[in-house]
2 protein chains.
Amino acid sequence: MDRAIDKVRDALQARGLRLTKPRRLVAEKVLSARRHLAADDVLEMLRRDGTPVARATVYRTLEMMKECGTFDEHDFGRGRKVYERAIGRPHHDHLYCIGCGAIIEFQEPEIERLQDQVTRRYHFIAMYHSHKIFGYCRRCGPKAPSGDKAHDEPPRHQDTKND
Amino acid sequence: MDRAIDKVRDALQARGLRLTKPRRLVAEKVLSARRHLAADDVLEMLRRDGTPVARATVYRTLEMMKECGTFDEHDFGRGRKVYERAIGRPHHDHLYCIGCGAIIEFQEPEIERLQDQVTRRYHFIAMYHSHKIFGYCRRCGPKAPSGDKAHDEPPRHQDTKND
DNA sequence: TTGATACTGAGACTCAGTCTCAATACGAAC
DNA sequence: GTTCGTATTGAGACTGAGTCTCAGTATCAA
């Protein structure tokens, strides 16, 4: 984690940017989070910690960290962007449970290879990609897709990674 | 196209919904479009045609058509959802050009197969997925990723499919 | 210490999308 | 055809994530 913040500093400095106190506070929240965080989550967490950071600064910092490659940004269609640490962990894609909001990460090198093949086919230069599979996790199960109203208000399982 | 509108009607009726005039007008725009359309595009096109439909109705209809499986909805990160006809055409995914906004469709059955494998691995029941590759198309080329400011205002190629 | 520049915070603003509710259209029953 | 209940529409207010502006503050180099 200290290692991670150093890498964040390096990434910023490489672009002539500083790791100021507000930026560090935002970065630490995302780096240590056990789930994907939205700007509002970070805002709220810092407020509760007694170290509030302005809304604009949080948004600017998250965007900046994404540009530097230290955070990954995802949009699971809930009308807000969420972030997770990118440094020090391998690339992965996501399964998103429509029932409970759980996010499961997966790696499939063969898909990545096929993607390269596709982009070559179209003389396309890939910069990044977004591969998400939406459905129902093991716990929400096959019953969910039916008219099961219990799932309109997604239950939040304790030990899963929610957005 | 007449065939298509009939399928739209059937899909609605199967859910006890009617194909009213405003809904038909919205549906026809998306069915006949040569590119992905946002709600605002549809709104504007209908206004220009002299057959205006209320904003709320357009949004409601697009959502409804998606639910019925007649339209596909995509979000390419430009802050608005876009739609394309789904009936009468095979499933595909997209390459999105950051330079000019061009959208290239691709099909890769092998990726779909690997996806199934992934979901099985996690006991996940997939309902739909979103697979997008962002980068630069043949015309925007390898020069684009550099600090080429000419691409801040994406040029719009005449014969490509923009969102 | 000074000047130039980067950064922050507060709050106004934007804009896609949603909600509300009165008015209207439509299908079924009479 | 008329009536009644329900589905649908339109206008415009509202929401909420994200952006912008700009004055004030911090930081760096000289």
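The values are calculated or read from the model by the stated rules, or taken from the named source; none is laboratory data. Just so it is clear, the model here is predicted, and its values are computed rather than measured. Glycine also receives a Cβ, built like all others from the backbone with ideal geometry; neighbour counts cover every protein chain displayed. Note: areas computed on protein heavy atoms with side chains; ligands, DNA, RNA excluded. Shrake-Rupley method; radii C 1.70, N 1.55, O 1.52, S 1.80 Å.
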**Request:** Could you please state how large a percent of the accessible area of the protein assembly as shown is carbon and sulfur, counting protein chains only and using a 1.4 Å probe?
**Result:** 47
**Complete:** The extension gain from A:His91 to A:Arg139, computed as 0.36 nm times the residue separation minus the Cα-Cα distance, is 14.7 nm
**Fill in**
In a Gaussian network model of chain B with springs linking alpha carbons closer than 10 Å, the residue among B:Ile87, B:Ile133, B:Ile125 that fluctuates most is B:Ile125
**Message:** Running a GNM on chain B with Cα contacts under 10 Å, which residue among B:Leu17, B:Leu46, B:Leu37 ends up with the highest mean-square fluctuation?
**Reply:** B:Leu17
**Asked** How big is the charge dipole of chain B about its Cα centre, in debye rounded to the nearest 20, if each Lys and Arg gets +1 on its Cβ and each Asp and Glu gets -1 on its Cβ?
**Response** 420
**Request:** May I have the extent of the alpha carbons of the range B:27-147 along their three principal axes, as whole Å values ordered from largest to smallest?
**Result:** 50, 43, 24
**Asked** Tell me, what HN-Hα J-couplings in whole Hz come from the Karplus equation 6.51 cos²θ - 1.76 cosθ + 1.60 at θ = phi - 60° for each residue of the range B:45-56, using x for Gly and Pro?
**Response** 4, 5, 4, 5, 6, x, 10, x, 10, 4, 3, 4
**Cβ-isolated cysteines (cut-off 4.7 Å), chain B** = B:Cys68, B:Cys100, B:Cys140
**Complete:** Rounded to the nearest 5, the percent of antiparallel DSSP beta bridges in chain A equals 75
**Message:** What number does the protein assembly as shown give for Rg over Rh if you use C-alpha atoms and the Kirkwood radius?
**Reply:** 0.98
**Request:** Just need the relative contact order of chain B here, percent rounded to a whole number, with Cα pairs under 8 Å and 6+ apart.
**Result:** 22
**Message:** Can you give me the C-alpha center-to-center distance between the range B:101-118 and the range A:9-58, rounded to a whole angstrom?
**Reply:** 35
**Prompt:** Which distances, shortest first and in nm, link B:Arg55 to the matching position in the other copies, using label points set 7 Å out along Cα to C-beta?
**Reply:** 2.0
**Fill in**
For peptide B:73-82, the mean count of other chain Cβ atoms within 10 Å per residue Cβ is 1
**Asked** In debye, nearest 20: dipole of the range A:1-89 around its Cα centre with unit charges on the Cβ of K, R (+) and D, E (-)?
**Response** 140
**Request:** Give the long-range amide H neighbours of A:Gly99: residues separated by 5 or more places, or on another chain, with amide H under 5 Å away, using H modelled in the peptide plane at 1.01 Å from N.
**Result:** A:Cys137
**Message:** Once the label point is set 7 Å along the Cα-to-beta-carbon vector, what list of distances in nm do you get between B:Lys66 and its counterparts in the other copies?
**Reply:** 1.9
**Message:** Using a 1.4 Å probe and counting only protein heavy atoms, how much accessible surface gets buried when A and B come together, both sides summed, in Å² to the nearest 100?
**Reply:** 3300
**Prompt:** Accessible area per residue of chain A at 1.4 Å probe, in Å²?
**Reply:** 54
